[in-house]
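These notes concern the structure reproduced below.
FYI, it's all coordinate maths here, none of it is from the lab. Keep in mind the model is a prediction, meaning the values are calculated, not measured. Here the Cβ positions follow ideal geometry from the backbone for every residue, glycine too, while neighbour counts run over all protein chains shown.
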Amino acid sequence: MISLGQDEIAKYPFLAEAGQYLKDKGFTLEQFATDPDLKIIVDKAYERIESAAEEKTYKPEVYDSNEKDLVLPLNVFSFLIAIVLLKLSGLNTLINKFALAEARRAEKFLQRDLVSNSSKTSEEFATKIFHEIFSVTIKKSGEYFVIPIPDYLRHAVNFHELDWKLVNRHVENGMVFLTPHESVRLIRKELGGYIGTRIRAANTPNMSSGFEDKVKKLSDLAKKFVVNTVVTTEYPPCIKHAIEALNNGENLSHSGRFMLATFLLGRGQTVDEIAPLFKNAPDYNEKVTRYQIKQVAGEGGNKTKYACPSCEKIKSNDLCYITPDCDNIINPMQFGKKRL
Amino acid sequence: MLENDLKFLEETFKQYYFDHFDLIHVPDRSLEREYGYKKFNMGMIRHMSLKTDKDLHLMLMTNIPSDVFCSNGYYSFPKLPMAEKDWKEADVIFDIDAKDLNLPCRKDHTCIKCHSCNEISLLQDTCPKCKSNKIDLISLSCQNCISGVKKEVLNLVKILTNDLQIDNKNIRISFSGNEGFHLYVTNSPYNQLGSKERRDLIDYIMFHGAIPERFGFKKNNPSRSSFPDLDDPGWSGRVAKDLFGSKSKRSKSVTKIISDGYSAYRQRLTETVKNSIGVKIDPNVTGDVHRIFRLEGSLNSKSGLAKLACDNVEKFNPYIDACLIDDKPVEILANFPIEFSLKNRKFGPYISEKISVPRYAAVYMLCKGIANLA
């Protein structure tokens, strides 16, 4: 565990042991539910969740250095009470949104700490977070930070934008060069994931009457985020192309056949419906085809049901025939799904 | 396959294995690997475990496999079904095959065999005898293809050692036994990567997915100085060499690129430049962390040639060095319209001829499906 000073806890409150922190400061959870003087913190906690739900970064009021000792703990308290409210509400949508917003907030501090020329300690602390929480060894090299390629890949594969692909990075001697902003951006998703995991792993306290009102308000807030979708029956261009190739008796590659079978199975078609599509293939053998589709469907020996490969993998295999209708999807299964 | 042919191939393969135990070894950490094999006319048997060379040699003598495989992956329980093996890590393996280079010479050493009537003919879309479009392509030996593959292998080694900082001593190259080379990276920090991460590494090596911004062309405000220089590290330098040729031509080329526009540059990077300098590895092989690969020293049933480690790729001649079956004469019936060469000797074309050829050539033609025993 990383040891934290007061400054660090305020910047990265998710690193604190919540129960221990309250105890060290001489508070109990019960006090927050009942003490009218502390109601302002519960209100702040709610605001913090609300701004997260609305995808804004929570900005507590600016303080001057005289009030630092007072305001820093307040920020930590509002974070901890927000978690209590979220746990009591049990609303996953809000937990995810809150974790992401807190990650964005922490990201700003991390970035500032990485380039902080005035404070060596802040830089070291930020580097330590990279190493201890995300197993990323990060070192300064001039204006850049360098990260070993394997560490980079483990995180960068979560991005779908082309500029995160290794081929679009400055790579030298086994290292990837990143700006401070990019270094922090690299771990954004995991940072959100890490905060989310810590929230989910925390114990849910008993409901106190002082929190009931806020928890109810959270339920109302969450209702806004229910998404209705419609799905078209149209096939994506890669699938259309594969079907066309087979119809023309062209030799569709193994990965092309795998993509087609997994896609159609995913759309609910049966082995009987899919097998005839392959009958024009130059090497068609009904028995083998049916056996292979069954394997893919998880009806074979190993019971593993395979999912349709991602657009990225399809691109690597030269099977992608992207059109504007693809609309930034990352898997053909998402093609034509539209939010209402 | 005809029963006589099958018996002949099994006897020959058995003799080869018996005579070449010195070439066939279990790799490091054998107990953590999965083994598998195929027999002629049969499917794959997988999920086996072998401890020592002796176990391997015994397996070869007992089962007389047509092909032998060993995993790149290391597992706690290699014999269990895939989901229960407990994957630890996997060597990074690259496969460069002549068919993926698709060189112009390919049409000259490829013939077709019809699924319906078994007729073997010159390269065309349908069988000239029965008009069926269900055909197999059969490619025969070609030095030009091997030279092309070697060039790709050497380019790959450069990227691995320079860009990825992989130590040369952790790279091993072997001839695949047909028309390609395998390159193994062992004991590297890349071994821990899963297949998703390996796919991005593959795109790096193949120069797949490059965007103009990374290579100097800002969409709205292109600046001459941001284009790559010839002595830049990594892809920047290689792209500059491919685009400009020499330092003196850089300025003129950049002017042309900017005037042609952003989209043209993107297309050039993803098509012409990629085809010219991207390494032509098989992406499915490198992305697979559970694959079993042909074992070094074993024979490849697609050709009867051996898969062999090569210390000096440039000097390695697979059609001599990996052709290890003896030359006792064998009578065969052959009917195919092109020629090939093994051990510096030419064979074919044959028009339904009964001929006597050295055993290595007979095995090659039987494995390729273009001849039968007489």
Mean 1/r over all different Cα pairs, inverted: what Kirkwood radius does segment B:1-144 give, in Å?
18.4
Taking only Cα atoms, what is the 0 to 90° angle, nearest 10, from helix A:254-266's long axis to the longest principal axis of chain A?
70
For A:Lys338 and B:Ser356, what does the FRET efficiency come to when R0 = 60 Å and r is the distance between their Cβ atoms, rounded to the nearest 0.05?
0.25
Looking at segment A:128-182, which GluC sites (Glu not before Pro) are DSSP coil and have at most 11 other C-beta atoms within 10 Å of their C-beta?
A:Glu143, A:Glu161
Give the Cα extents of chain A along the principal axes, in whole Å, largest first.
79, 53, 38
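Based only on the alpha carbon positions, what is the Kirkwood hydrodynamic radius of segment A:190-306, in angstrom?
Evaluated over segment A:190-306, this radius sits at 18.5 Å.
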For peptide A:155-167, what's the mean number of Cβ atoms from other chains within 10 Å of each residue's Cβ?
5
Given segment B:209-277 reduced to its alpha-carbon atoms as identical point scatterers, what log10 I(q)/I(0) does the Debye formula return at q = 0.12, 0.13 Å⁻¹?
-0.25, -0.29
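Between A:Thr233 and A:Asp283, what FRET efficiency follows from the Cβ-Cβ distance if R0 is 35 Å, with the result rounded to 0.05?
In this case the efficiency is close to 0.70.
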Report the GluC sites (Glu not before Pro) located in segment A:199-271 that are in a DSSP loop and have at most 11 other Cβ atoms inside 10 Å of their Cβ, or state none.
A:Glu234
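Return an integer: the convex hull volume of the alpha-carbon atoms of the protein assembly as shown, in Å³ per residue.
Values: hull volume 141.8 nm³, N = 714.
Cα convex hull per residue, to the nearest whole number: 199 Å³.
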Leaving out same-chain residues fewer than 8 places away, which lysines sit with a Cα under 22 Å from that of A:Lys287?
A:Lys279, A:Lys303, A:Lys305, B:Lys38, B:Lys39, B:Lys113, B:Lys134
Looking only at other chains, what is the average number of their beta-carbon atoms within 10 angstrom of each beta-carbon in A:142-154?
3
Give the residue from A:Ile81, A:Val184, A:Thr232 lying farthest towards the positive end of the charge dipole for chain A; charges sit on Cβ (+1 for Lys and Arg, -1 for Asp and Glu) and the dipole is referred to the Cα centre.
A:Thr232
If the only charges are +1 at each Lys and Arg Cβ and -1 at each Asp and Glu Cβ, what is the size of the charge dipole of the protein assembly as shown around the Cα centre, to the nearest 20 debye?
1120
Approximate spin-label separation B:Ser49-B:Leu80, in nm, with each point projected 7 Å along Cα-to-Cβ
1.0
On Cα atoms only, tilt of B:3-19 relative to the major axis of chain B in degrees
70
Send over the semi-axes of segment A:237-339's equivalent ellipsoid, whole angstrom and largest first, taken as the square roots of 5 times the C-alpha gyration tensor eigenvalues.
22, 17, 12
Additional length obtainable on full extension of the chain from B:Gln165 to B:Leu373, 0.36 nm per residue less Cα span:
69.8 nm
Where a Cα-Cα gap under 20 Å defines reach, which aspartates and glutamates qualify for B:Lys346, not counting those fewer than 8 residues away within the same chain?
B:Asp108, B:Glu179, B:Asp321, B:Asp326, B:Asp327, B:Glu331
For chain A, averaging the sequence separation of alpha carbon pairs under 8 Å that lie six or more residues apart and dividing by its residue count, the contact order in percent is 15
Most positive-pole-ward Cα, B:Ala306, A:Val288, A:Thr323, against dipole of the protein assembly as shown from beta carbon charges:
A:Thr323
Taking the convex hull of the Cα atoms, report for segment B:1-46 its projected area averaged over all directions, in nm².
4.0
Give the Kirkwood hydrodynamic radius (Å, one decimal) of segment A:125-259, defined as one over the mean of 1/r across all pairs of different Cα atoms.
19.9
When the Cα centres of segment B:275-323 and segment B:4-26 are compared, how far apart do they sit, in Å?
19
Crossing angle, helix A:39-53 versus chain A [Cα axis fit, 0-90 degrees, rounded to tens]
20
Name the chymotrypsin sites (Phe, Trp or Tyr not before Pro) in segment A:73-158 that are in a loop by DSSP and that have at most 10 other C-beta atoms within 10 Å, would you?
none
Output the direction-averaged projected area (hull surface divided by four) of the convex hull of the alpha-carbon atoms of chain B, in nm².
21.5
